[in-house]
Structures are given as C-alpha cells and as structure tokens.
Amino acid sequence: MTKVVLRNTSARAAKADAVVIGSTGTGDSLALATGAPLADKAVESWQGNLVATLQDMGASAKTGDVCRLPSGGAVRAPLLVVVGLGKTQDVTAETLRKASGAAVRALGGKATVAIALPCATDEQVAAIVEGSLMGAYAYDRYLTKKHEPVGDIVVLTEQARSKSAKEALESAVCVAEAVNYTRDLINTPPNDLYPESFADEVVQRAKKSSVKVSVTTDRQLEAQNYGGILGVGKGSARPPRLVTLAYRPSRPVAHLAFVGKGITFDSGGLSIKPSNAMITMKCDMSGAAAVAAATFAIAELRLPVRVTSYLCLAENMPAGNATRPGDVLTMYGGKTVEVLNTDAEGRLVLADGIVTANAVEPDLIVDVATLTGACVVALGDRVAGVFSNDADLLQEVPRLAAQAGELMWPMPIPEEMEEKLRTTKIADLSQHNPDLWGGALFAAAFLREFVGEGIPWVHLDIAGPSFNSNAPHGYTPKGGTGVAVRTLIALARSRSRSDSSK
C-alpha cells in the first residue's frame with residue numbers, strides 16, 4: 001500500500017526515484033510554479049533553461065499535464081517530473097489534487113516519489129495527499145500481472161513538523177482510503193459482489209471500526225413489508241438485503257441519515273436493457289458503496305455527528321417471478337406504487353430506505369444513487385445533480401462538494417412533477433414519468449413523497465460521475481470513481497460545528 005509522509009527537505013536534496021514540481025501559464029506561455037520554495041533549488045541547479053526545454057518537449061501548464069525528463073544531476077533523483085497547475089491565479093486545492101494525482105498515476109512502480117508543489121497551508125497538504133493516494137489507485141484483483149503502485153510519497157513542505165499539518169495528513173489519508181474502498185466495491189464484478197456478499201463485506205469492514213452493522217435478510221424484509229426492495233430483487237436468484245450502519249459518538253451535535261442505492265447488477269428487469277447498456281451496470285451500487293465508505297470514514301475521523309446509514313441492496317434481473325410493468329407494490333410504510341418501467345428500480349429501493357430513515361428522526365436525510373440517465377443528459381458524466389426540499393441545502397451541498405473536490409449542481413423539482421406522480425388511477429403513485437422529459441426531476445419528486453414531514457432531505461443523482469468509462473484523468477481512474485464520499489464527509493464536518501448543526 002502506498003504510504004505518505006511529510007518532509008521539510010528541498011527537492012534538490014530529496015532521496016527519491018522522481019521529484020515532482022509544478023508549472024503554470026496560459027496558452028503557449030509556461031512558467032515554473034511559485035509558492036513552492038522547496039522546489040526552487042531544483043530549478044536553479046538545472047543546467048540551461050528548464051522552461052525552454054519543457055516547451056521544446058511539448059509540455060503545457062494544463063492542469064494534470066505531465067512531462068518527464070532526466071534530471072541531469074539537477075536533483076538527487078534521476079527523474080524530474082513537471083506537472084501542470086493551470087493559470088497561476090487559479091491554483092486551488094482541487095488543482096493540486098488533480099496535479100498530484102496525475103503525477104503519481106504516471107509514476108507507477110517507483111519506490112519513492114517526492115512532490116514539491118505549493119504546500120504552505122494545511123488545506124494544500126491535505127489536497128496533495130488526497131490527490132496522490134487517489135491517483136495511486138489501481139484495481140488489479142483479477143489480473144495475473146499485478147499493478148505496481150508508487151511505494152512511498154514524500155510531500156515536501158516547510159510545514160512538515162506542524163501539528164496541524166500532520167493532522168491534515170492523517171485526515172486526508174482517511175478520506176482517500178474511503179474513496180479507494182468505494183472504488184474497490186464498484187469495480188468488483190457482479191458474480192462476486194451481490195446483495196449477500198456486499199452485506200458480508202460491510203460486516204467484515206466494520207470489525208475494524210466503531211460502526212455497528214446489522215443485516216436484514218430477505219425473509220425479514222418480507223415479514224416487515226419492504227415492498228420496494230423485495231419487488232426489485234424478486235427476479236434474482238440472489239435475494240436482497242437491507243444493511244444498517246450506525247455510528248454513535250458520545251456527544252453528537254447532529255444526526256445524519258444516509259441512504260444508498262445498492263443495485264449490484266441492473267439488467268433492467270423485464271424492461272430489459274440493450275446488451276451494451278448492461279456492460280457497466282455493476283456500478284449501479286455506487287451510492288450504497290459511497291454511503292458505507294463515508295460512514296466508516298466519519299467514524300474514523302471521530303466527528304461528533306451521529307450517522308445512521310441504510311444500504312438498499314438488490315439485483316435487478318428478469319425471471320418468471322420478476323416484477324412486471326403494471327404491477328402494484330406496497331412500499332414499506334404503506335404507500336402503493338404502480339410500476340410502469342422495471343428499469344426505474346432504484347427509486348423503489350430508495351423509497352423503502354428513506355421511510356426506514358424517517359423512523360430514527362434524523363436532522364437530515366441524504367440519499368445517494370446512480371438514479372437516472374436523464375441526469376447524465378442534463379449534466380454530463382462528471383457532474384452530479386443535487387435535489388432537495390430545502391432551499392438552503394440546495395446551495396450548501398454543491399458548495400461543500402466543490403470544496404471537497406466534487407462537481408455537483410442544484411436541480412429543481414417543478415410543481416408539474418406532482419401532477420405526473422398521480423397520473424395512475426389504481427395506486428397512490430406512479431413509479432415512472434408518463435413522457436420522455438424531466439426524468440431526473442420526476443425521480444426526485446417521487447423520492448420526496450417518502451420523506452417524513454419536517455425532515456430536511458437531499459438527493460444526490462450520481463449516475464454520470466460514478467463510473468469513468470473513458471481514459472483516466474487527474475486522480476480519477478478508469479472504472480469506479482468513488483464520487484460522493486468526500487461530499488458526505490464534508491457535510492458531516494460542516495455539521496460537527498455546533499453553530500451549523502440543526
């Protein structure tokens with residue numbers, strides 16, 4: 001496993017296989033990054049014009065652009081790596097995450113990498129550590145030839161002996177490990193990760209944590225009338241589960257409830273998907289994975305916030321006993337729903353989870369789900385949609401997400417969706433919108449129907465950014481991304497301050 005340490009050593013003297021420094025600029029202009037004094041001597045000792053050499057090699061200051069060149073004795077390490085930080089005035093914590101992640105990802109197999117990027121504050125320390133560890137991630141469980149990650153990462157900073165910088169390091173390691181744990185769950189193929197095995201994995205993970213876990217089996221779900229989770233999972237030979245995680249610090253200042261969609265494979269059910277649309281459907285449990293990982297991280301960070309989380313786990317498969325379009329399901333809590341499209345299954349399991357969360361009377365419910373393709377159409381594949389029944393939360397959550405390094409955008413729930421929910425004449429609610437438009441908005445309106453009166457609620461539709469089917473970029477690998485973990489942790493941190501608790 002890749003390890004990170006802080007060290008107050010110049011880049012020139014650092015004992016490493018590679019040294020990473022930063023560049024900034026716009027267009028064809030290129031300059032070496034300011035604000036990283038420990039990198040300065042490495043640049044000064046370069047024989048010749050380093051900037052001119054980089055430009056000749058086609059290097060750019062674009063965030064995450066990586067250029068490798070022999071050090072020529074300018075530094076003790078044999079390899080000098082220059083990574084783009086974008087415009088000088090635009091270097092942010094997220095810039096540092098992306099740059100350090102891209103650099104470490106490009107240096108797989110190196111025993112030690114020293115990073116000399118701007119690192120004068122605790123926020124910058126945390127950003128570089130998070131980016132480096134997320135960039136070092138690789139999923140090779142099923143490969144005969146294993147990936148060789150970077151062994152040790154040395155973050156060069158004059159704040160290395162600062163107590164707060166060390167705390168920032170420890171916190172960042174916890175956050176990055178939570179993201180990478182989520183990625184591992186998402187990347188596990190569905191023949192090995194299914195409701196029962198997912199539940200077992202969480203139980204095992206909890207043994208190293210103060211989080212308590214309980215598992216509700218399919219028979220117990222049936223006895224307690226969990227019609228949504230059972231309705232989705234009944235077509236599979238692998239029965240559903242509801243997993244509850246509870247973190248209870250001694251003096252909590254707030255109580256958060258998280259609900260995660262955990263469809264371990266989504267065939268679409270009887271409303272079956274085209275074959276090419278199923279290829280990545282192991283990722284349909286990304287919400288549940290993010291919720292589990294964030295809960296463990298919040299406990300390990302010892303935040304004074306109570307967290308109760310629900311993983312709604314099912315496999316959506318076609319079979320003779322599968323739920324049909326036209327069936328009516330009685331959800332947990334008693335509401336009836338007419339099913340119109342079995343490929344809109346996530347809202348059914350989440351509804352049961354939200355009603356369960358109501359009973360513990362939390363200060364806030366957050367559900368996380370790869371819920372709709374419509375949200376991807378609206379926001380693309382790198383931005384999550386945020387919906388809420390609270391105007392302040394609709395602005396707060398995207399702001400916290402941005403600070404944590406995740407892109408989220410506030411979305412509306414128009415009044416017309418209320419009418420569409422009640423187009424059915426044989427049940428309380430329609431499960432699917434009757435036309436092609438506003439699918440993400442309709443799904444959010446559907447979920448809102450199950451939120452308890454007076455309870456603030458946020459819905460995160462992560463269908464776009466949860467899985468990267470394209471080339472890696474920054475600290476983001478191909479495959480599961482672990483999106484929403486950092487936002488949930490940031491939300492818990494914001495609530496851990498007594499002045500912001502509700």
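The values are calculated or read from the model by the stated rules, or taken from the named source; none is laboratory data. Note that this is a predicted model, so its numbers are computed, not measured. Reconstructed Cβ throughout: ideal geometry from the backbone, glycine too, with neighbour counts over all protein chains shown.
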Any chance region 198-212 includes a residue that's within 25 Å of R486 (Cα to Cα), assigned to a strand (DSSP E or B) and not basic (K, R)? no
Assess whether L133 counts as being in contact with a helix residue (DSSP H, G or I) (Cβ under 6 Å, 6 or more places away or on another chain) and not assigned by TED's automatic domain parsing to the domain that holds A33. no
Scan (1) closer than 20 Å to G287 by Cα; (2) within 26 Å of the chain's Cα centre (by Cα) for the single condition G231 breaks and write down its number. (2)
Contact list please: Cβ distance under 8 Å, first residue in region 1-17 and touching a residue at least 24 places away in the same chain (Cβ under 8 Å), second residue assigned to a strand (DSSP E or B) and among the polar types (S, T, N, Q), pairs at least six apart or on different chains. K15/T112; A16/T112; D17/T112
Taking interchain pairs and intrachain pairs at least six residues apart, which have beta carbon atoms under 6 angstrom, with the first residue in region 464-479 and assigned by TED's automatic domain parsing to the domain that holds P189 and the second modelled with pLDDT under 95? G474/G64
So, in region 26-46, of the ones that are assigned to a loop (DSSP other than H, G, I, E, B) and over 30 Å from the mean Cα position of the chain (by Cα), which residue ends up modelled with the highest pLDDT? L30
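It is to be established whether one or more residues within region 158-166 are closer than 20 Å to A114 by Cα and either in a helix (DSSP H, G or I) or under 20 Å from the mean Cα position of the chain (by Cα) (or both).
For region 158-166, residues closer than 20 Å to A114 by Cα and either in a helix (DSSP H, G or I) or under 20 Å from the mean Cα position of the chain (by Cα) (or both): present.
This table checks each residue for (1) among the polar types (S, T, N, Q); (2) buried (at least 19 other Cβ atoms within 10 Å of the Cβ); (3) touching a helix residue (DSSP H, G or I) at 6+ places or on another chain (Cβ under 7 Å); (4) not in a strand (DSSP E or B).
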{"residue": "P249", "(1), (2), (3), (4)": "no, no, no, yes"}
{"residue": "A257", "(1), (2), (3), (4)": "no, yes, yes, no"}
{"residue": "L270", "(1), (2), (3), (4)": "no, yes, no, yes"}
{"residue": "A288", "(1), (2), (3), (4)": "no, yes, no, yes"}
{"residue": "R302", "(1), (2), (3), (4)": "no, no, no, yes"}
{"residue": "G320", "(1), (2), (3), (4)": "no, no, no, yes"}
{"residue": "P325", "(1), (2), (3), (4)": "no, no, no, yes"}
Filtered residue count, region 327-346, keeping only those that are over 23 Å from I365 (Cα atoms) and outside any loop (DSSP other than H, G, I, E, B): 3
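Step by step: first the residues of region 451-480, then only those that are within 15 Å of A288 (Cβ to Cβ) and outside any strand (DSSP E or B), then the one that is farthest from the chain's Cα centre (by Cα). Which residue is that?
So in region 451-480, the residues within 15 Å of A288 (Cβ to Cβ) come out as 459-463, 466-467, 480.
Remaining after also requiring outside any strand (DSSP E or B): 462-463, 466.
Numbers: I462: 9, A463: 11, S466: 7 Å.
My answer is A463.
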With (1) under 26 Å from D184 (Cα atoms); (2) in contact (Cβ under 8 Å) with a residue 12 or more places away in the chain; (3) surrounded by fewer than 21 Cβ atoms within 10 Å (Cβ to Cβ); (4) among the β-branched types (V, I, T) as the list, and I279 as the residue in question, which single condition is left unmet? (2)
